[in-house]
Amino acid sequence: MAGLAVVILAAAGYIGWQKFQVPSKPESGVEKAVAHTPKDTIRFAENAPQLAFLQIRPVESYPEPMVDSLNARLAYDDNRTARVFSPIGGRVLKIAADAGSEIRAGDELLLLDAPDYAQATSDDVKAKADLERKRQANERADALLKVNGISLKDKESAEADFHQAEAEAQRTEARLRNLQSMASITDGKFILRAPIGGTVSERQVNLGSEVRTDAANPLFVITDSKKLWALIDLPELYLDKVKVGQPVSVEVDAYPGETFKGKITVIAEALDPVTRRIQVRAEIDNSSHRLKPEMFARATPVADSRHNIPRIPNTALFSQGLHSFVFVEQSPGVLQRRHIELGLQSHEYSYVKEGLQPGERVVTTGALLLNSELSGND
């Protein structure tokens, strides 16, 4: 169906094109719309109506790809991202950070009314007091044993009580450290702080809501958005075309014609049994903050990001025999048919190895009509 549509459109364009053709013997004083110079060159008069059927654009250069563009998805760089959950339940009294906020490690995120936190601080105070009391009892028992004031059994019992109290004090202190608390009062308030610095990209908590320790979603997502991951689905056919450290170019629909650079950092050891693809992870430079996580993208592993070659849309191409040609604008109204050597061809674009230079202007729409006109006058 797609091929039939192309044929129909080409035929319609050709009919429209023919409406503007002048007789082979024009009246005296009337300039011909088309004049032919050398064999592969066609010349149009200034403001010739045929020019309205043509689109002419400069050739752009891109890194030479190793394979066709691959489906990819942008994601947070987990090495630079923290998904923050509350280690304790409670009711939200205050929210100190919102989505889009720039924060530093240790900054306050929210304040909780958390009775469990009050219990934890109380347990810590009790454990420390009990430890001190049993340390003194153990020291007294040690002194009494030296003068035979108590039995060895009583001394051992006092020493065991001291070690148990020591272990309990360590447990309660570790619990408070886990809660990221430096408080020594039992006022029932808990401050949730940022574990890393960066940008708050997501906030999924509201004032007055109840926070649970077993929540499915994080309360906050903090990330350094200057780096993102591109998760690429690689067919096993192309596994020998990629390697760790290889440059990759990424395109997204939001910025047509623009590429973002990155490099491959991880190649999975096994195929996904469902998609039959190998997941490849690339780190993408997002210093401009224009790319967003969960965007769909097209990723292309390239041979060398420092070496570019011309890239043209497939609509600029036409074939004669086994060879490919384009029309290149020599000057306004003067178009030359030129043979080119192609490299990789994708669904939308072709990369040119020989015969074309970046910056030259080629006909991207109407090349078939030009070739028909040129061939009809050979």
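Values quoted throughout were computed directly from the atomic coordinates according to the rules given, and no laboratory measurement underlies them. Owing to the predicted nature of the structure, the values given are computational and were not obtained by experimental measurement. Glycine gets a Cβ as well: all are built from the backbone with ideal geometry, and neighbour counts include every protein chain shown.
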In whole angstrom, and with the biggest value first, how far do the Cα coordinates of the chain range along each principal axis?
-> 137, 44, 35
In debye, nearest 20, what is the charge dipole magnitude of the chain about its Cα centre with +1 on Lys and Arg Cβ and -1 on Asp and Glu Cβ, if you could check?
-> 320
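Based on the Cβ-Cβ distance of ALA160 and GLN119, what FRET efficiency does E = 1/(1 + (r/R0)^6) give at R0 = 30 Å, to the nearest 0.05?
Given R0 = 30 Å and the Cβ-Cβ separation, E is 0.70.
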Segment 228-378 - convex hull of alpha carbons, volume per residue in Å³ | 156
Can you give the angle from 0 to 90° between the axis of helix 115-146 and the longest principal axis of the chain, with both taken from C-alpha atoms, to the nearest 10?
-> 40
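Under 8 Å for C-alpha pairs, at least 6 residues apart: give me the relative contact order for segment 81-222, rounded to a whole percent. Working shown, then result.
Working: 246 pairs, mean separation 68.2, N = 142.
Contact order relative to length: 48 percent.
With N set to the residue count of segment 142-297, report its C-alpha Rg divided by 2.2 N^0.38 Å to two decimal places.
Normalised Cα radius of gyration, segment 142-297: 1.87.
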Other-chain or far-sequence residues with amide H under 5 Å of LEU219's (modelled H) | VAL84, PHE85, SER86
For LEU109, list long-range residues whose amide hydrogen, built 1.01 Å from N in the peptide plane, is under 5 Å from its own amide hydrogen.
-> LEU192, ARG193, ALA194
Charge-dipole axis of the chain as Lys and Arg at +1 and Asp and Glu at -1 on Cβ define it, positive-most pick from SER157, VAL302, ALA141 = VAL302
Return one number: the angle in degrees, 0 to 90 and rounded to the nearest 10, between the long axis of the Cα atoms of helix 2-19 and the longest principal axis of the Cα atoms of the chain.
-> 40
14 Å tail of the calculated P(r), segment 220-282, as % of Cα pairs = 63
How big is the charge dipole of segment 81-222 about its Cα centre, in debye rounded to the nearest 20, if each Lys and Arg gets +1 on its Cβ and each Asp and Glu gets -1 on its Cβ?
-> 80
FRET efficiency (LYS261, ASN178; Cβ distance; R0 35 Å; to 0.05) is 0.30
Least to most buried among ARG104, ARG337, ARG193, by other C-beta atoms within 10 Å and fewest first, runs ARG104, ARG193, ARG337
Taking the simple approach of a point 7 Å from Cα along Cα-to-Cβ for both ASN71 and GLN55, what is their distance in nm?
-> 2.6
The computed P(r) of segment 76-118 puts the percent of Cα pairs beyond 15 Å at 53
In whole Hz, the Karplus estimates of ³J(HN,Hα) for segment 67-83 (6.51, -1.76, 1.60; θ = phi - 60°; x where Gly or Pro) are 9, 5, 4, 10, 5, 8, 9, 7, 9, 4, 7, 5, 6, 10, 10, 10, 9
Divide, for segment 298-378, the radius of gyration over alpha carbons by 2.2 N^0.38 Å, where N is the residue count.
-> 1.16
Hey, fewest Cβ within 10 Å first, where do LYS243, LYS227 land in order?
-> LYS243, LYS227
Cα-centred dipole magnitude for segment 140-248, charges only on beta-carbon of K, R (+1) and D, E (-1), debye, nearest 20 = 360
What FRET efficiency, computed as 1/(1 + (r/R0)^6) with R0 = 35 Å and r the Cβ-Cβ distance, is obtained for GLN204 and ASP272, rounded to the nearest 0.05?
-> 0.75
Taking Cα atoms, how many degrees apart are the long axis of helix 152-178 and the longest axis of the chain, rounded to 10 and kept between 0 and 90?
-> 30
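For segment 81-222, what mean projected area does the convex hull of the alpha carbons give, in nm²?
Seen from a random direction, the Cα hull of segment 81-222 projects 10.1 nm² on average.
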Taking amide H positions as placed in the peptide plane 1.01 Å from N, state which residues far from SER324 in sequence (5 or more) or on other chains have amide H under 5 Å from it.
-> ILE340
Spin-label pair LEU342/ALA129, simplified geometry with 7 Å Cα→Cβ offset, distance in nm | 8.5
Checking ALA82, ALA194, ALA165 against a Gaussian network model of the chain (alpha-carbon springs below 10 Å), the top fluctuating residue turns out to be ALA165
